1. Just flag the GluC sites (Glu not before Pro) in the stretch 28-105 sitting in loop per DSSP whose Cβ has no more than 11 other Cβ atoms within 10 Å.
2. Through the Karplus equation 6.51 cos²θ - 1.76 cosθ + 1.60, θ set to phi - 60°, convert the phi angles of the stretch 9-25 into ³J(HN,Hα) values in whole Hz; use x for Gly and Pro.
3. Give me the net charge of residue 94's neighbourhood, meaning all other residues with Cβ under 12 Å from the Cβ of residue 94; Lys, Arg count +1, Asp, Glu -1.
4. Starting from the stretch 6-84, pick out the trypsin sites (Lys or Arg not before Pro) whose DSSP state is loop and whose Cβ has at most 11 other Cβ atoms within 10 Å.
5. So what are the ³J(HN,Hα) numbers for the stretch 82-92, from phi and the Karplus equation (6.51, -1.76, 1.60; θ = phi - 60°), rounded to whole Hz, Gly and Pro as x?
6. Suppose we look only past 21 Å in the calculated P(r) of the stretch 1-115. What percent of the Cα-Cα pairs does that tail hold?
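Every number in this text was worked out from the coordinates using simple rules, so none of it is lab data. It should be emphasised that the depicted structure is a prediction, and the values quoted were computed from it without experimental measurement. Reconstructed Cβ throughout: ideal geometry from the backbone, glycine too, with neighbour counts over all protein chains shown.
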Amino acid sequence: MKIELESIGTIHTEFKDVEGMPIQPTGAKGVKGKIIVDEKYANGLKDLQYFSHINIIYLLHKVEGYLLEVKPFMDNNTHGIFATRSPKRPNHIGSSIVKIDKIDDNIIHISNIDVLNNTPLLDIKPYVPQLYEDTIDELKIGWFENNHKKAKSQKSDDRFK
């Protein structure tokens, strides 16, 4: 099945190269960026200013190919791609939860952004953790259990270029 998506805007950050970037938003604490939403979608931002955080879904536009097994940044063992947050995915789709600092017309000023500059934006959803709290009874986070704290300081390298 062929699926076509259209970018609704562009994410702008200080990160010009994949190498040396934070690997997760927790490692990008305080990093500022902005999202410029295409004018034709600007009315879709109505009432977004009443949320503190958004989940942004974007195209990992500099990633080529994919791997079904990868050695992620935070572990020395190989894992299946779907058990990681590696960018080398079959559909090159990424997502991050970022803080809204302010919204000016079609520009969303954000913090805690771990995305490459000029990344195509696919969608925005308000972050509402209460929508999930009753659905998660026994949370397990697999191999991340002993490694998740590394995400604050770990930077990317060239392994997924």
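1. 64
2. Karplus-based 3J(HN,Hα) across the stretch 9-25 equals x, 9, 9, 10, 9, 7, 8, 8, 9, 4, 5, x, 6, x, 8, 8, x Hz.
3. Around residue 94, the charge tally is +2.
4. In loop regions of the stretch 6-84 (DSSP not H, G, I, E or B), the sparsely surrounded trypsin sites (Lys or Arg not before Pro) are 16, 46.
5. Listing the rounded values in order: 7, 9, 9, 10, 4, x, 7, 9, x, 10, 6 Hz.
6. Tail fraction, whole percent: 43.
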